[in-house]
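What follows is one structure encoded as structure tokens, with my remarks underneath.
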Amino acid sequence: MSTKASFIKDLSLPAIAAPMFLISGPKLVIECCKNGIVGTFPALNQRSSEGFEEWLIEIKSALADWEKESGKKAAPFGVNLIVHPTNPRLEADLRLCVKHQVPLIITSLGAVSEVVNAVHSYGGLVFHDVIKKRHAQKAAGAGVDGLILVAAGAGGHAGTINPMTLVAEVREFFDKNIILSGCISTGRDIASALQMGADLAYMGTRFINAEESKAPEAYRQMIIDAGASDVTYTAAISGVHANFLAASLKAAGITEEDLKKDTKIDFGKELDTEAKAWKTIWSAGQGVATISDVVSVASLVEQLKTEFKTAVEEQTKLLEFYPK
């Protein structure tokens, strides 16, 4: 039996639009799925489990209607669950995912077999994000179907390991789905991820500047104006190391001394408080260096497809000269 996700062959591009806190909502997810890539969102982007269920129903209904009208098959959608002891909504949100049979569950900050078994009970898949080999081995032991390797330079809660090394390390013991995250902003980047041995590319920052995202205009403009060196890696904001736009840290009055402080992670605190911080302190990966516009998901996917095809064709031509 194949260990690869069957939906991969049906995508227009081997890509997942990553779940981004406060940024990913139904509109972005629906447009991604309609255009042939996996759309996802964090359950905690809704303030309550009741609101979360409303989003699930909205996404499922919109995609079902589109499939009926277009005669085409939409890509699957996914939900990000924070599997951490301090997340008070995990149990309720997981029950809703099972109830609505969410095709893909992306787990963060904890890989446990109970969650995997619950998702597998209805035929869903679980992809877990990791930043190092040890975490990947633990998640593999829990039975996950895929590992999202969050390499150096990625937006959000990123790692520090070079993507080539991280993919090679994990592929030695994991023959299921490998999804690579970190500075993937173009179709050529997607092709490079596959060349390194990944099955799918994981794209977050690039979709902040999609018209359908929930990002404010100032956030999008800051991404356009930023280069790779304008991204700061710190654990001071949420208790987990993440990459943030340095300009947003400065605007929020965050000093160099503040960035050195340790913050205890706690998802049990008032979510509104956390949301307020992330509304003004904006996360992004080093992939901002190649982002210069704001476009619709449809236009972006078409652009990525063209870039991907060109990159693959150029690589194929090299076989005329190498190896000698």
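Read-outs: derived from the displayed coordinates by stated rules, not from any lab. All values derive from a computational prediction rather than experimental measurement. Every residue, glycine as well, gets a Cβ built from its backbone with ideal geometry; the counts of neighbours run over all protein chains shown.
Tabulated data for the structure shown
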{"read-out": "Nonlocal amide H pairs with SER283, under 5 Å, H built at 1.01 Å", "value": "LEU245"}
{"read-out": "Over the range 176-222, relative contact order from alpha-carbon pairs under 8 Å, at least 6 apart, %", "value": "34"}
{"read-out": "Computed label-point distance, nm, for sites GLU257 and ILE57 using a 7 Å Cα→Cβ extension", "value": "5.2"}
{"read-out": "Cα Rg, Dmax (largest Cα-Cα span) when computed across the range 64-157, Å", "value": "14.6, 46"}
{"read-out": "Check: the range 8-92 dipole with +1 on Lys, Arg Cβ and -1 on Asp, Glu Cβ, in debye", "value": "240"}
{"read-out": "Local net charge near SER181, Cβ-Cβ under 12 Å (Lys/Arg +1, Asp/Glu -1)", "value": "-1"}
{"read-out": "Computed P(r) (all Cα pairs; the chain; 20 Å bins; percent)", "value": "33, 61, 6, 0"}
{"read-out": "Nonlocal amide H pairs with ILE148, under 5 Å, H built at 1.01 Å", "value": "HIS128, ASP129, VAL130, ILE179"}
{"read-out": "Which of ILE105, ALA235, MET164, positive extreme of dipole for the chain (C-beta unit charges)", "value": "MET164"}
{"read-out": "Taking the chain and dividing mean pair separation by its residue count, relative contact order in percent (alpha carbons under 8 Å, at least six apart)", "value": "17"}
{"read-out": "Pairwise centroid distance, computed over Cα atoms, of the range 275-324 with the range 54-110, Å", "value": "26"}
{"read-out": "Cα→Cβ-extended label distance, 7 Å offset, between ILE8 and SER296, nm", "value": "3.1"}
{"read-out": "Within straight-line cross-link reach of LYS214, lysines at Cα separation under 19 Å, skipping those fewer than 8 residues along the same chain", "value": "LYS27, LYS34, LYS276, LYS279"}
{"read-out": "Student exercise, the chain dipole from Lys, Arg, Asp, Glu Cβ charges, in Debye to nearest 20", "value": "520"}
